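Notes for the one structure printed next.
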Amino acid sequence: MGTTYGDPPPAWVTNIPQEKGRLCAMGVSGPTYYPEDAIVNSKTQGMSELGRSLKSQVKSQMLVQEHGGSSDYSDVKIEDAVALSSNQILELAEVKSRWVNSGGYPDHGTKGTVFTLICTPL
């Protein structure tokens, strides 16, 4: 994982990569009193975004399966399976890259804003 300071924003800051077999999300944190806190905050937000995307994807796949075959799933069973699948996939998530705005890029927040790219295999 690379953390870049002072460099221009990487392409993934404006266009999150879509890789086959992987799901990626980005977390952003504004500057904090302690720079380490912004790093933790951006990772936490990225994991939340990844979880939200995963739940949506797993639920839609299960609903497709349900409508394609037997429909002995209840809403509770679907939600339980979605939560279990999402949590298992999130355990495999890793930070792929991080970018810290050095202050020269006002379109991407103020100096000290942290962007974190997190990906997980599907």
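Each reported figure results from applying straightforward, stated rules to the coordinates on display, with no laboratory input. A quick note: this is a predicted structure, and the numbers were derived from the prediction, not measured. Counting neighbours? That spans all protein chains shown, and the Cβs are built from the backbone with ideal geometry, glycine included.
Sorted by average packing, counted as other Cβ atoms within 10 angstrom per residue and highest first, what order do 107-120, 16-29, 36-49 take?
107-120, 36-49, 16-29
Between residue 7 and residue 102, what length in nm is gained on full extension when 0.36 nm per residue of separation is reduced by their alpha carbon distance? Mind dumping the intermediate values first?
Numbers: separation 95, 0.36 × 95 = 34.20 nm, distance 0.77 nm.
Gain on stretching residue 7 to residue 102: 33.4 nm.
Using the basic label-point model (7 angstrom from Cα toward the beta carbon), what is the residue 16 to residue 90 distance in nanometres?
1.4 nm
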